[in-house]
Amino acid sequence: MAKIIVVTSGKGGVGKTTSSAAIGTGLALRGHRTAIVDFDVGLRNLDLIMGCERRVVYDFVNVINEEASLKQALIRDKRTENLYILPASQTRDKDALSKEGVERVLNELANDGFEYIVCDSPAGIEHGALMALYFADAAIIVTNPEVSSVRDSDRILGILQSKSRRAEKGEHVDEYLLLTRYNPARVSRGEMLGVEDVKEILAVPLLGVIPESQSVLKASNVGAPVILDPESDAGSAYMDAVSRLLGEEKAHRFINEEKKGLLKRIFGGKKHETV
Amino acid sequence: MPNLPQDVKRSPCFHLKGTLVSFTILDLCHFDSEQFSTQLADKVKQAPLFFKNAPIILSLEREECHQVDLLHLVELCREYGLSPIGIRGGSTNQQIQAEELSLTVLPADQVINLKTAASDIDSAEKNKELNVLEDKPLNTRVEPETIFLPAKVVTTPIRSGQKVYAPCTDLIVLAPVSPGAEVLADGNIHVYAPLRGRALAGVLGDENARIFTTHMEAELISIAGFYKTSEDMQEFWKKSVNAMLENERLVMQII
Ligand SMILES: Nc1ncnc2c1ncn2[C@@H]1O[C@H](COP(=O)(O)OP(=O)(O)OP(=O)(O)O)[C@@H](O)[C@H]1O
Ligand SMILES: [Mg+2]
């Protein structure tokens with residue numbers, strides 16, 4: 001049985017695509033056959049972050065419209081075994097995603113033996129976002145530690161539990177909170193919401209806290225998901241999140257401001273670059 | 001004859017509409033003029049609005065009440081603002097008296113009991129009762145107990161953009177109500193978690209409705225249309241609160 005996971009947020013630019021790429025790759029690294037599907041039709045950039053943009057021939061919409069087979073459109077990741085990417089179309093708009101079409105493609109992926117299907121949702125609460133979450137068994141809610149992002153996450157949670165297929169059948173969609181671009185120094189200065197504040201407002205179990213990090217920018221510049229940089233703080237935070245998604249217990253890291261030792265203060269911390 | 005246009009003359013003067021209205025039944029157990037007055041005065045004091053001109057049926061089904069002077073009983077009721085409109089059961093004498101007083105006489109066995117009808121869906125009994133309902137709509141009565149609806153209970157968070165309404169009953173929420181969410185009830189609202197959105201109780205105008213929450217952080221609360229916004233709640237912020245109407249003013253109490 002394939003597990004369909006939507007990565008969604010309501011608000012734009014909070015780190016959905018970064019997280020879809022990292023978590024999808026992490027699941028594959030852990031040996032699970034995984035497909036990452038880009039639902040952001042018209043603004044595709046999953047392929048950029050995964051570094052496969054030059055190998056896109058057919059896309060999700062082509063498969064929905066039966067202009068190409070799923071096999072033709074799926075891109076096998078060169079770095080990570082068990083990992084496939086289904087890119088979005090750059091030239092269509094989100095109405096090209098029909099419910100029947102999306103269902104057919106997801107079913108085909110499941111029948112193909114994929115264990116995890118990670119759906120990278122577009123921002124907003126319109127058609128594209130609804131299609132990305134409609135078939136989900138679980139949802140990763142990507143939230144930045146600020147009021148407007150938290151509010152939008154709350155909104156998308158409401159939609160998830162009322163408009164998704166599971167909700168229509170009276171079933172529950174598993175919810176996970178992923179707090180990204182977290183900056184403990186700014187939290188302690190009171191410029192951002194803390195982990196506890198966000199957890200309290202959203203009342204959703206915490207999958208992970210991803211620190212604000214230069215390593216994310218570096219990774220996207222070279223077109224490799226940040227989780228492939230296990231030395232980096234963001235990369236290891238994503239790896240922890242994948243472990244938790246697989247049911248393992250892991251203490252949360254990167255929540256508190258790092259106390260730099262004297263030497264570190266002089267020479268600067270190398271491993272944990274926090275912006 | 002007044003000069004009415006033809007089409008108005010041809011249209012019917014009235015329509016008959018079947019309806020179910022709730023009446024209060026005053027079920028007389030025994031009668032003692034003084035004791036009756038004291039008890040009634042007491043009840044009316046507890047809920048003056050409820051009893052003001054309230055249509056009531058006097059139930060005289062018990063043997064012990066068959067000697068009671070109906071005129072006296074009716075006058076006592078009117079004195080306290082009630083408005084008797086009929087009797088149920090009673091002796092032959094009482095029924096004659098009722099007709100003289102222009103009160104409806106309801107034989108006890110014609111009173112519809114919705115509860116029985118609902119729990120016994122296929123029984124012939126129910127069909128019989130339904131027939132009664134159709135044949136003689138004026139003689140049907142719903143007892144207060146039969147309009148009771150169980151409260152609506154919600155155990156999952158109510159998120160921004162969501163709206164939950166409990167028509168004809170109370171709403172009980174056991175999870176947070178987010179900012180941007182709205183909870184409404186014709187009756188009371190209980191939120192045993194942070195109430196951060198809007199809560200509107202007594203939306204059909206019940207001024208006795210209340211709002212209870214263990215964490216008052218609402219954007220707005222309203223009872224029967226009288227409201228307060230978060231600006232006016234600072235004193236009660238994040239506290240356990242009971243909100244109610246007092247002389248058409250929304251007041252809050254820490255509980
Ligand atoms: N942990 C992080 N630290 C620093 N920068 C980050 C982090 N996560 C994401 N970013 C940056 O934030 C920007 C938005 O990220 P991303 O594209 O993943 O967001 P998105 O939610 O998918 O956006 P959209 O809503 O447009 O699809 C990118 O420039 C990305 O590099
Ligand atoms: Mg994106």
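The values are calculated or read from the model by the stated rules, or taken from the named source; none is laboratory data. Bear in mind the structure is a predicted one, so any value in this text is a computation, not a measurement. For neighbour counting, all protein chains shown are included, and Cβ atoms are generated from backbone atoms with ideal geometry for every residue, glycine included. Surface accessibility is based on the protein's heavy atoms, side chains included, excluding ligands, DNA and RNA. Shrake-Rupley method; radii C 1.70, N 1.55, O 1.52, S 1.80 Å.
Of all residues being of a type outside the set (A, V, I, L, M) and touching a residue at least 60 places away in the same chain (Cβ under 8 Å) in the stretch A:170-180, which is most open to solvent (accessible area, probe 1.4 Å)? Just the residue, please.
We begin by selecting, within the stretch A:170-180, every residue of a type outside the set (A, V, I, L, M); these are A:170-172, A:174-176, A:180.
Still in the list and also touching a residue at least 60 places away in the same chain (Cβ under 8 Å): A:176, A:180.
Numbers: A:176: 45, A:180: 5 Å².
Ranking the candidates gives A:176 first.
Residue by residue, here is whether (1) within 14 Å of ligand 2 (Cβ to nearest atom); (2) more than 14 Å from every other protein chain (Cβ to nearest Cβ); (3) of a type outside the set (Phe, Trp, Tyr) holds:
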{"site": "A:10", "(1), (2), (3)": "yes, no, yes"}
{"site": "A:17", "(1), (2), (3)": "yes, yes, yes"}
{"site": "A:31", "(1), (2), (3)": "no, yes, yes"}
{"site": "A:46", "(1), (2), (3)": "yes, yes, yes"}
{"site": "A:97", "(1), (2), (3)": "no, yes, yes"}
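Could you list, in sequence order, all residues of the stretch A:199-224 that are within 16 Å of ligand 2 (Cβ to nearest atom) and closer than 29 Å to residue A:159 by Cα? Please lay out each step first, then the result.
Step one: of the stretch A:199-224, the residues within 16 Å of ligand 2 (Cβ to nearest atom) are A:210, A:216-217, A:219-220, A:223.
Residue satisfying the conditions is A:210 alone.
Which pairs turn up if I take residues in the stretch A:105-125 that are part of a strand (DSSP E or B) and look for partners that are within 16 Å of ligand 2 (Cβ to nearest atom) and open to solvent by 10 Å² or more (accessible area, probe 1.4 Å) with beta carbon separation below 8 Å, at least 6 apart in sequence or on another chain?
The qualifying pairs are A:120/A:16; A:120/A:17; A:120/A:40.
Is it fair to say residue A:51 is assigned to a loop (DSSP other than H, G, I, E, B), more than 9 Å from ligand 2 (Cβ to nearest atom) and either surrounded by fewer than 24 Cβ atoms within 10 Å (Cβ to Cβ) or small (Gly, Ala, Ser) (or both)? Explain how you work it out, then say what you get.
Working: assigned to a loop (DSSP other than H, G, I, E, B): yes; more than 9 Å from ligand 2 (Cβ to nearest atom): yes; either surrounded by fewer than 24 Cβ atoms within 10 Å (Cβ to Cβ) or small (Gly, Ala, Ser) (or both): yes.
Yes; evaluated as a whole, the condition is true for this residue.
Kindly establish whether residue A:42 is closer than 20 Å to residue A:93 by Cβ, outside any strand (DSSP E or B), more than 10 Å from ligand 1 (Cβ to nearest atom) and open to solvent by 10 Å² or more (accessible area, probe 1.4 Å). So that I can check it myself, show each step before the final result.
Numbers: closer than 20 Å to residue A:93 by Cβ: yes; outside any strand (DSSP E or B): yes; more than 10 Å from ligand 1 (Cβ to nearest atom): yes; open to solvent by 10 Å² or more (accessible area, probe 1.4 Å): yes.
Judged against the criteria, residue A:42 is a match.
Inspect the stretch A:152-169 for any residue being among the acidic types (Asp, Glu), more than 13 Å from chain B (Cβ to nearest Cβ) and either open to solvent by less than 10 Å² (accessible area, probe 1.4 Å) or not in a helix (DSSP H, G or I) (or both) and give the result as yes or no.
No, there is no match, as no residue in the stretch A:152-169 is among the acidic types (Asp, Glu), more than 13 Å from chain B (Cβ to nearest Cβ) and either open to solvent by less than 10 Å² (accessible area, probe 1.4 Å) or not in a helix (DSSP H, G or I) (or both).
Output the qualifying pairs, or none if there are none: Cβ atoms under 6 angstrom, residues six or more apart or on different chains, first residue in the stretch A:10-34 and part of a loop (DSSP other than H, G, I, E, B), second residue of a type in the set (Phe, Trp, Tyr) and more than 7 Å from ligand 1 (Cβ to nearest atom).
A:32/A:116; A:33/A:114
Can you go through A:67, A:108, A:126, A:81 and tell me which one is within 16 Å of ligand 2 (Cβ to nearest atom) and open to solvent by 10 Å² or more (accessible area, probe 1.4 Å)?
Numbers: A:67 fails: within 16 Å of ligand 2 (Cβ to nearest atom); A:108 fails: within 16 Å of ligand 2 (Cβ to nearest atom); A:81 fails: within 16 Å of ligand 2 (Cβ to nearest atom).
Going through A:67, A:108, A:126, A:81 in turn, the sole match is A:126.
Among A:109, A:97, which is away from ligand 1 (no atom under 16 Å from the Cβ) and hydrophobic (A, V, I, L, M, F, W, C)? Talk me through it step by step, then tell me what you get.
Numbers: A:97 fails: away from ligand 1 (no atom under 16 Å from the Cβ).
Exactly one of A:109, A:97 is away from ligand 1 (no atom under 16 Å from the Cβ) and hydrophobic (A, V, I, L, M, F, W, C), namely A:109.
May I ask you to list pairs of residues, at least six apart or on different chains, whose Cβ atoms are under 7 Å apart, with the first in the stretch B:38-64 being in the same structural domain as residue B:90 (by TED's automatic domain parsing) and at pLDDT 85 or above and the second being among the acidic types (Asp, Glu) and surrounded by 14 or more Cβ atoms within 10 Å (Cβ to Cβ)?
B:59/B:27
Which number in (1) buried (at least 21 other Cβ atoms within 10 Å of the Cβ); (2) more than 14 Å from chain B (Cβ to nearest Cβ); (3) in contact (Cβ under 8 Å) with a residue 40 or more places away in the chain marks the one condition that residue A:202 misses?
Unmet for residue A:202, out of (1) buried (at least 21 other Cβ atoms within 10 Å of the Cβ); (2) more than 14 Å from chain B (Cβ to nearest Cβ); (3) in contact (Cβ under 8 Å) with a residue 40 or more places away in the chain: (2).
Against the condition modelled with pLDDT of 90 or more, within 25 Å of the chain's Cα centre (by Cα) and either over 16 Å from residue B:24 (Cα atoms) or more than 14 Å from chain A (Cβ to nearest Cβ) (or both), how does residue B:130 come out, does it pass? Let's see the steps before the verdict.
Details: modelled with pLDDT of 90 or more: no; within 25 Å of the chain's Cα centre (by Cα): yes; either over 16 Å from residue B:24 (Cα atoms) or more than 14 Å from chain A (Cβ to nearest Cβ) (or both): yes.
Answer is no for this residue.
Restricting attention to the stretch A:181-195, does a residue exist that is in contact (Cβ under 8 Å) with a residue 60 or more places away in the chain, away from ligand 1 (no atom under 14 Å from the Cβ), in a strand (DSSP E or B) and surrounded by 19 or more Cβ atoms within 10 Å (Cβ to Cβ)?
Looking through the stretch A:181-195, none of the residues is in contact (Cβ under 8 Å) with a residue 60 or more places away in the chain, away from ligand 1 (no atom under 14 Å from the Cβ), in a strand (DSSP E or B) and surrounded by 19 or more Cβ atoms within 10 Å (Cβ to Cβ).
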